[in-house]
1. Of all residues in the range A:56-79, how many are more than 9 Å from chain B (Cβ to nearest Cβ), of a type in the set (Val, Ile, Thr) and in contact (Cβ under 8 Å) with a residue 12 or more places away in the chain?
2. Residues that are outside any strand (DSSP E or B) and away from chain B (no Cβ under 14 Å): does the range A:37-55 have at least one?
3. Quick check on the range A:14-55: of everything there that is among the small types (Gly, Ala, Ser) and either at pLDDT 75 or above or under 20 Å from B:Val25 (Cα atoms) (or both), which residue is surrounded by the fewest Cβ atoms within 10 Å (Cβ to Cβ)?
4. If I filter the range B:23-57 down to residues being outside any helix (DSSP H, G or I) and out of contact with any helix residue (DSSP H, G or I) (no Cβ under 8 Å at 6 or more places or on another chain), which single residue comes out as nearest to A:Ser39 (Cα to Cα)?
5. Looking at the structure I just gave you, is B:Gln61 within 14 Å of chain A (Cβ to nearest Cβ), closer than 26 Å to A:Leu110 by Cα and either surrounded by fewer than 16 Cβ atoms within 10 Å (Cβ to Cβ) or of a type outside the set (A, V, I, L, M, F, W, C) (or both)?
6. For the range A:89-97, does any single residue satisfy the condition of being out of contact with any Gly (no Cβ under 9 Å at 6 or more places or on another chain), in contact (Cβ under 8 Å) with a residue 24 or more places away in the chain and surrounded by 15 or more Cβ atoms within 10 Å (Cβ to Cβ)?
7. Can you find a residue in the range A:95-104 that is part of a helix (DSSP H, G or I) and within 13 Å of the chain's Cα centre (by Cα)?
Amino acid sequence: MNDANFFGFILFLDLFDLFSYIIQIKRNDLAEKEYVILSGECARKRHFLKTEKGKIIYFVVQLEIEFENEWKPVVRYDCAHGFSHIDRYDKKGKKRKELLDLPFDEALTLADEDINTNWEDYKIKFLRGG
Amino acid sequence: MNRFEIKNSMLVNEFDSYIREHPEVAQNIPDNALVVMLLEEDVEFSQWNRRNAKRMAEKDQSIVFINIKKLKPVLSRIEELAIETAN
């Protein structure tokens, strides 16, 4: 191997390390997490959060009710398609969409507070078929 | 809602706010885990929620207990306001 090839090879290794490092940092910047929080009798709240550099960039907050041995979505707040909205489900899984005219962080706060406060009313309405 | 459910809703609200402020903390929760609130100063409430967790967890689902040891007093977030009277 002559000098030019040798230094070319070293440069290649350095660049390879640099790109690997950048890719690793990028991967560490993005994180996803999904969990459910127990709300009450046969009710739980699902959280899906996507973060970038420690900031929430996407969320789903969903109330689920146990009905006929299955967990069913009842109310779902999310920010898919670039706008925050609510989906309201009936027992058959049919949903009604409502747009939320709110900034992202306020929509997330509303989602949490609404479900934490009103989960029982939503449950009763869902089980009655409303 | 009964007394325990009201307390649980209040604690879940506090936990949600904490996660919104510190989303990196959520990374310590195993994926798809069932998160259950406990309150150190209320043994009866904590026992009630532990029982609920056992009953409601799905097969092979991890259960994560969030044990609140101390809460700050509830304070208003309003920084400034004006009171105007209409005559």
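1. The qualifying residues number 4.
2. No - not one qualifying residue is present in the range A:37-55.
3. Applying the first criterion (among the small types (Gly, Ala, Ser)) to the range A:14-55 yields A:20, A:31, A:39-40, A:43, A:54.
Still in the running and either at pLDDT 75 or above or under 20 Å from B:Val25 (Cα atoms) (or both): A:31, A:39-40, A:43, A:54.
Values: A:Ala31: 16, A:Ser39: 25, A:Gly40: 21, A:Ala43: 22, A:Gly54: 11.
Among those that are among the small types (Gly, Ala, Ser) and either at pLDDT 75 or above or under 20 Å from B:Val25 (Cα atoms) (or both), it is A:Gly54.
4. Of the residues in the range B:23-57, the ones outside any helix (DSSP H, G or I) are B:29-42, B:57.
Going one step further and asking which of them are out of contact with any helix residue (DSSP H, G or I) (no Cβ under 8 Å at 6 or more places or on another chain), we end up with B:29-33, B:41, B:57.
On the way: B:Ile29: 17, B:Pro30: 19, B:Asp31: 18, B:Asn32: 15, B:Ala33: 14, B:Glu41: 20, B:Ala57: 12 Å.
Applying the filter and picking the extreme gives B:Ala57.
5. Values: within 14 Å of chain A (Cβ to nearest Cβ): yes; closer than 26 Å to A:Leu110 by Cα: no; either surrounded by fewer than 16 Cβ atoms within 10 Å (Cβ to Cβ) or of a type outside the set (A, V, I, L, M, F, W, C) (or both): yes.
For B:Gln61, the condition - within 14 Å of chain A (Cβ to nearest Cβ), closer than 26 Å to A:Leu110 by Cα and either surrounded by fewer than 16 Cβ atoms within 10 Å (Cβ to Cβ) or of a type outside the set (A, V, I, L, M, F, W, C) (or both) - is not met.
6. Yes; the residues of the range A:89-97 include at least one that is out of contact with any Gly (no Cβ under 9 Å at 6 or more places or on another chain), in contact (Cβ under 8 Å) with a residue 24 or more places away in the chain and surrounded by 15 or more Cβ atoms within 10 Å (Cβ to Cβ).
7. Taking the range A:95-104 and keeping what is part of a helix (DSSP H, G or I), we get A:104.
Still in the running and within 13 Å of the chain's Cα centre (by Cα): A:104.
Yes, the range A:95-104 contains a residue that is part of a helix (DSSP H, G or I) and within 13 Å of the chain's Cα centre (by Cα).
Yes or no, residue by residue, for (1) charged (D, E, K, R); (2) facing chain A (nearest Cβ under 7 Å); (3) within 21 Å of A:Ala31 (Cα to Cα); (4) surrounded by 14 or more Cβ atoms within 10 Å (Cβ to Cβ):
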position: B:Arg20; (1), (2), (3), (4): yes, yes, yes, yes
position: B:Val25; (1), (2), (3), (4): no, no, yes, no
position: B:Leu38; (1), (2), (3), (4): no, no, no, yes
position: B:Phe45; (1), (2), (3), (4): no, no, no, yes
position: B:Ile68; (1), (2), (3), (4): no, no, no, yes
position: B:Pro73; (1), (2), (3), (4): no, no, no, no
position: B:Ile78; (1), (2), (3), (4): no, no, no, no
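The values are calculated or read from the model by the stated rules, or taken from the named source; none is laboratory data. Predicted model only: the values in this text are computed from it and were never measured. Cβ coordinates were reconstructed from backbone atoms using ideal geometry, including for glycine residues, and neighbour counts include every protein chain displayed.
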